[in-house]
Amino acid sequence: MAVDLHVHSNVSDGVHSPRELVVMARDRGISALALTDHDSVRGVPSALLAGEELGVFVIPGIELSTDIENAEVHILGFYIDMTSAKLHEVLDMLKKGRRERCEQILSRLRALGMDIPLEYVLGLGKEGFTGRSQIFKAMVNLGFARPDKRYGDFQRYLGKKGLAYVEHQGLSPEEAVKFVRDCAGVPVLAHPGTEIPFNVIENFIGIGLEGIEAYHPTHSKETTKKWLKFAKSRSLIVTGGSDFHKVSPDGPSGVGSLPIPDSIALELTRRWLQISSD
Ligand SMILES: [Zn+2]
Ligand SMILES: [Zn+2]
């Protein structure tokens, strides 16, 4: 058995419904699946329901996007309390922030000669989700960018150092960690890659970070090893997932496409029970 603790549905910027993801997990023999949509838990109830029906252990999750000076920092939150009043209040604020950020990116693109109406972008995301992937899709559809990663148009315009990049509005990484803790969840640093310095992470640990996503499709074997070692030395749990959004030639081929030891789902659940009884 294997697990996948990082997937996106069409509630954020994936293409499959939460239920379809659970079906894929079952078909691939995945024993535990965490739905981690960007800034939203709206897909969680239907994923939980499908999991119960199809025999897949579904873990409620979320992924929060934040920025530090030279990198983006994504914080995963597992087992958040869906009934928390704070949860919905903050998510509403983040939704507004995303919309404003989208408008700012579009005005930068406009200055570069790409006129993309906001309404067009809104129509591409389910229920008006506005992330850079929707903006990029609009750029491609309207002939302003090439979809192929080889040409690097996404990075050129929308990457952290891109011409039209605008920082995420809303939470700092520290606030994201605290927010997940406030919602009784387990905060985990998503795909740290090679860009996030150890001392920055030490700071997150000081305020309640509980884990590191060591297994991720963007991590080389060496990078994964580095984070496994780091996590062990700081008594952090390790998580991992495919970060599946949709089938694409340069991305993960589906739910469960990364070999991840299933013991990590157990460790995550243990840690959750441990911190919630503190
Ligand atoms: Zn991410
Ligand atoms: Zn993700």
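The values are calculated or read from the model by the stated rules, or taken from the named source; none is laboratory data. Just so it is clear, the model here is predicted, and its values are computed rather than measured. Please note: Cβ atoms are built from the backbone with ideal geometry, for glycine as well, and neighbour counts cover all protein chains shown. All accessible areas refer to the heavy atoms of the entire protein, side chains included, with ligands and DNA or RNA removed. Shrake-Rupley method; radii C 1.70, N 1.55, O 1.52, S 1.80 Å.
Summary table
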item: Antiparallel bridges, percent of DSSP beta bridges restricted to the chain (to nearest 5); result: 40
item: Solvent-accessible area per residue for segment 175-231 (1.4 angstrom probe, square angstrom); result: 43
item: Accessible surface of the chain [probe 1.4 Å, protein heavy atoms]: carbon and sulfur percent; result: 53
item: From phi via Karplus (6.51, -1.76, 1.60), per-residue ³J(HN,Hα) for segment 62-73 in Hz, x at Gly/Pro; result: 7, 10, 10, 9, 9, 10, 10, 4, 10, 8, 8, 10
item: Of all DSSP beta bridges in segment 1-119, antiparallel share, percent nearest 5; result: 45
item: Theoretical ellipticity at 222 nm over the chain - DSSP helices of four or more residues, -39500 (n - 2.57) apiece, nearest 500; result: -13000 deg cm²/dmol
item: Between 0 and 90°, nearest 10: helix 263-277 axis offset from the chain longest Cα axis; result: 80
item: Chain lengthening between residue 230 and residue 86 when straightened (0.36 nm per residue, less Cα-Cα); result: 48.7 nm
item: Stokes-Einstein translational diffusion, the chain - Kirkwood Rh over all Cα pairs, 1.306 mPa s, 10 °C, in µm²/s; result: 84
item: Local net charge near residue 260, Cβ-Cβ under 14 Å (Lys/Arg +1, Asp/Glu -1); result: -3
item: Segment 119-213: relative contact order in percent, alpha carbon pairs under 8 Å with at least 6 residues between; result: 17
item: Burial order of peptide ranges 33-42, 201-210 (average beta-carbon count within 10 Å, highest first); result: 33-42, 201-210
item: Burial ranking of peptide ranges 181-188, 76-83 (average Cβ count within 10 Å, highest at the top); result: 181-188, 76-83
item: Long-range amide H partners of residue 239 with built H, under 5 Å; result: 212, 213, 214, 215
item: ³J(HN,Hα), Karplus 6.51/-1.76/1.60, whole Hz, each residue of segment 211-217, x for Gly, Pro; result: x, 10, 7, 7, 9, 8, x
item: Solvent exposure, largest accessible area first (probe 1.4 Å, DNA, RNA and ligands not counted), of 1, 139; result: 1, 139
item: Mean separation of Cα contacts under 8 Å, 6 or more apart, over the residue count of segment 1-94: relative contact order %; result: 24
item: For peptides 114-123, 143-152, sequence by mean Cβ density within 10 Å, most packed first; result: 114-123, 143-152
